[in-house]
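Please read the structure below before turning to the comments.
The values are calculated or read from the model by the stated rules, or taken from the named source; none is laboratory data. Just so you know, these numbers come straight off a predicted model, no measurement behind them. Cβ atoms come from the backbone with ideal geometry, glycine included; neighbour counts cover every protein chain shown. When the accessible area is computed, the model is the full protein with side chains, heavy atoms only, and any ligands, DNA or RNA have been set aside. Shrake-Rupley method; radii C 1.70, N 1.55, O 1.52, S 1.80 Å.
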Amino acid sequence: RYGEMQWVSKITQALDENRFVLYCQPIAPLAEEDGDKFYCELLIRMLDDDGQLVPPMAFLPAAERYNLICSLDRWVVSAACEIVRDYRHLFETQASVIAINLSGQSLGDAGFLDFVIEQMAQAKVSPALFCFEVTETAAITHLVSAKRFIDVLRRKGCRFALDDFGSGLSSFAYLKNLPVDCLKIDGHF
């Protein structure tokens, strides 16, 4: 815990100094008919004081434990909207899907849904380009707010994925209540 506490000030300072970057992990289709789409997942990375990359497992657990993860999720959504706005010609012509991971804490944050909608509107980007990924555990823990979040953004065109399915409660009954577009099945399951 002492080590995690040290990360609190590092994360806060990195947010203040805009020392986070997004990495794009392409997701390749298995079927050739999907080959014309560009599907990727955005992954957050932090830069230390010297500009060196900090692995996410070094700072994300502390961000979750000490309630900084919502600030990181907001940073990711804002940065993703800016990237799509700046490279609109690439994303819109390739029928792209950009996946963004969200924490359970953000799903439970009353203002986060409005923030996401506002960021997409300000950047004038199509919600259909985004797929928000939530873990099974986060979705079930925040079931009411997760369902509302999903319902509102799906009506705007966003897609949703249930991540790490099988690592938590693994009840298929929850799938009736969570209108997701795809499941990302945990490797152990």
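A few remarks follow.
- Label zone of residue 37 (point 7 Å out along Cα→Cβ, amide N under 12 Å): in segment 88-123 this covers 95-99.
- Scattering profile of the chain at q = 0.17 Å⁻¹ [log10 I(q)/I(0), Debye over alpha-carbon scatterers]: -1.23
- In the chain, the portion of solvent-accessible area held by carbon and sulfur atoms comes to 53 percent [1.4 Å probe, whole percent, DNA, RNA and ligands not counted].
- Note that segment 154-160 has calculated 3J(HN,Hα) couplings of 5, 4, 7, x, 5, 10, 9 Hz, one per residue in order, obtained from phi through the Karplus relation 6.51 cos²θ - 1.76 cosθ + 1.60 (θ = phi - 60°); glycine and proline are x.
- Among 52-61, 109-118, the order from most to least packed when residues are scored by Cβ within 10 Å on average: 109-118, 52-61
- Amide H partners (placed H, <5 Å) of residue 97, local residues excluded: 38, 39, 40
- Both radii come from the Cα set of segment 9-117: Rg as radius of gyration, Rh as Kirkwood radius; their ratio Rg/Rh reads 1.01.
- With 0.36 nm allotted per residue and the present C-alpha distance subtracted, the residue 21-residue 65 stretch has 13.7 nm of extension available.
- Dipole magnitude for the chain: about 540 debye, using +1 per Lys or Arg Cβ and -1 per Asp or Glu Cβ, origin at the Cα centre.
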